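> Pasting a structure below so you can have a look.
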Amino acid sequence: MPTEPLLSLENLSAHYVSQQGTRVVRPVDDVTLSLGAGETLGIVGESGSGKSTLALTIMRLLPPAARIVSGRMMFDGENLLEKSDAEMRRVRGKRIAMILQDPMASLNPLFSIGNQVGEPIRVHEGASFAKAWQRAIGLLKSVRIASPATRVTQFPHEMSGGMRQRIVGAIGISCEPRLLIADEPTTSLDLTIQAQYLALLRDLQREHGLALIFITHNLGIVAKMCDQLAVMYAGRMVEKGPVSRVFSAPAHPYTKALLGSIPRMTDSRARLTAIDGQPPDLSAMPPGCAFAPRCPAAMARCAVEAPPQTDIGTGHSVRCWLAAPTTAGAAA
Ligand code: SF4
């Protein structure tokens, strides 16, 4: 019997609206996806494609100018959009946790590491300061920080970049969430520490059975870490499916271009393939496919009609007229 996914987003849209209400920016537009317990989803796309805003939408942490305008967001059998702010505060950090891009900006320079790692345990579990402090020592140990009993007494400026990254990871898993969203978790790490940190996240996932969403520019990390891949472009999810399927048979021209721009050891190309042009202005989206001005396969209808999401088998779907069953556009 099929089990309910842990997280399910249906036609979710989040928009920024200017004060006068005249300008609307659509960083998350009609996104549908699902993720099972213990699974890992990688979300990739250029800067500004809406990846981080999607994460903030799931956490219901959008800035005041933004709002969720439509869709459904089910998590563990509950609709997150129906929860009050107080109820969401009990979800965040406890059942869904997020590791933000910049560990230095996530840590408060005025509080000790033990205080910050123990805070979610005090807030969500009502633990005493002493008990949370002891748990913080154990958490630092689990993220492989040496001398954890000493480190908890220190402050963020006394840690290296790699240690700070692992500390925000420890805060993320402190209350054993069911879903962990990691937004570019390895950008400030050198390659050796990056490999150790990814292995650590995988171990934590195995031990705690948590579902992971990885937001990254790095397709190598996706290949190593993820079961599912979702590709975002201009706020829309243009392709998604099992990682092996999307890597071996990408169906969307944007995904093909992204994969074609990766340098390979066996590459004989003198120059890497670049994707010409720029992503569209999210406040002035073209009426048809947002990728049309940059797409080498664009047809006449692409400029005027947005393609529907088409299921192309084994959990693989794509938003492109080339995959739609009734493709009948004349070549541009
Ligand atoms: Fe290219 Fe048209 Fe497909 Fe958009 S819908 S990706 S423009 S072929």
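> What residue, among those in the range 257-281 that are surrounded by 17 or more Cβ atoms within 10 Å (Cβ to Cβ) and modelled with pLDDT of 85 or more, is nearest to the ligand (Cβ to nearest atom)? Talk me through it step by step, then tell me what you get.
Our first condition is that a residue be surrounded by 17 or more Cβ atoms within 10 Å (Cβ to Cβ); within the range 257-281, this holds for 257-258, 275, 279-280.
Now drop any that are not modelled with pLDDT of 85 or more, which leaves 257-258, 279-280.
On the way: ALA257: 10, LEU258: 12, PRO279: 13, PRO280: 12 Å.
Per the stated criteria, the residue is ALA257.
> If I filter the range 63-80 down to residues being at pLDDT below 95 and either aromatic (Phe, Trp, Tyr) or not in a strand (DSSP E or B) (or both), which single residue comes out as surrounded by the fewest Cβ atoms within 10 Å (Cβ to Cβ)?
PRO64
> Confirm whether THR216 is modelled with pLDDT of 95 or more and either crowded, with 21+ Cβ neighbours inside 10 Å or within 30 Å of ASP76 (Cβ to Cβ) (or both). Before the answer, list the steps.
Numbers: modelled with pLDDT of 95 or more: no; either crowded, with 21+ Cβ neighbours inside 10 Å or within 30 Å of ASP76 (Cβ to Cβ) (or both): yes.
Here the answer is no, as THR216 does not meet what is asked.
> Looking at this structure, is ILE99 more than 14 Å from PRO27 (Cα to Cα) and of a type in the set (Val, Ile, Thr)? Spell out how you get there, then give the answer.
Details: more than 14 Å from PRO27 (Cα to Cα): yes; of a type in the set (Val, Ile, Thr): yes.
When the stated conditions are applied, ILE99 passes them.
> Then there's this: Just the residues that are more than 7 Å from the ligand (Cβ to nearest atom) and crowded, with 19+ Cβ neighbours inside 10 Å, please, taken from the range 289-300.
Taking the range 289-300 and keeping what is more than 7 Å from the ligand (Cβ to nearest atom), we get 290, 293-294, 296, 300.
Across the range 289-300, the qualifying residue is only ALA290.
> Can you pull out every residue in the range 149-186 that is without any contact (Cβ under 8 Å) to a residue 12 or more places away in the chain and not in a loop (DSSP other than H, G, I, E, B)?
Keep residues of the range 149-186 that are without any contact (Cβ under 8 Å) to a residue 12 or more places away in the chain, which gives 150, 158, 160.
THR150, GLU158, listed by residue number.
> Still on this model: From the list GLY38, GLY48, which residue is touching a residue at least 40 places away in the same chain (Cβ under 8 Å), crowded, with 16+ Cβ neighbours inside 10 Å and part of a loop (DSSP other than H, G, I, E, B)?
The conditions single out GLY48.
> Take the conditions among the hydrophobic types (A, V, I, L, M, F, W, C), within 15 Å of the chain's Cα centre (by Cα) and under 16 Å from ILE99 (Cβ atoms) and apply them to ILE145. Does it pass? Even if it seems obvious, please write down each step before you answer.
Details: among the hydrophobic types (A, V, I, L, M, F, W, C): yes; within 15 Å of the chain's Cα centre (by Cα): no; under 16 Å from ILE99 (Cβ atoms): yes.
So ILE145 does not fit the description; no.
> Sticking with this one: Out of ARG294, ARG236, ARG271, ARG245, which single residue is without any contact (Cβ under 8 Å) to a residue 12 or more places away in the chain and charged (D, E, K, R)?
Details: ARG294 fails: without any contact (Cβ under 8 Å) to a residue 12 or more places away in the chain; ARG236 fails: without any contact (Cβ under 8 Å) to a residue 12 or more places away in the chain; ARG245 fails: without any contact (Cβ under 8 Å) to a residue 12 or more places away in the chain.
So the residue among ARG294, ARG236, ARG271, ARG245 that is without any contact (Cβ under 8 Å) to a residue 12 or more places away in the chain and charged (D, E, K, R) is ARG271.
> Quick check on the range 309-325: of everything there that is more than 10 Å from the ligand (Cβ to nearest atom) and not small (Gly, Ala, Ser), which residue is farthest from VAL231 (Cα to Cα)?
The initial filter retains those residues of the range 309-325 that are more than 10 Å from the ligand (Cβ to nearest atom), namely 309-317, 325.
Narrowing the set further to residues that are not small (Gly, Ala, Ser) leaves 309-312, 314, 316, 325.
Values: GLN309: 13, THR310: 14, ASP311: 15, ILE312: 15, THR314: 17, HIS316: 12, PRO325: 21 Å.
Among residues in the range 309-325 that are more than 10 Å from the ligand (Cβ to nearest atom) and not small (Gly, Ala, Ser), the one farthest from VAL231 (Cα to Cα) is PRO325.
> Pairs needed: first member in the range 19-31, under 20 Å from ILE43 (Cα atoms); second member anywhere, outside any strand (DSSP E or B) and hydroxyl-bearing (Ser, Thr, Tyr); C-beta distance under 6 Å; at least 6 residues apart or different chains.
These pairs meet every condition: PRO27/THR53; VAL28/THR53; VAL28/THR57.
The values are calculated or read from the model by the stated rules, or taken from the named source; none is laboratory data. Because the structure is a prediction, the values reported are computed rather than measured. Don't worry about glycine lacking a Cβ; one is built from the backbone with ideal geometry, like all the others, and counts go over all protein chains shown.
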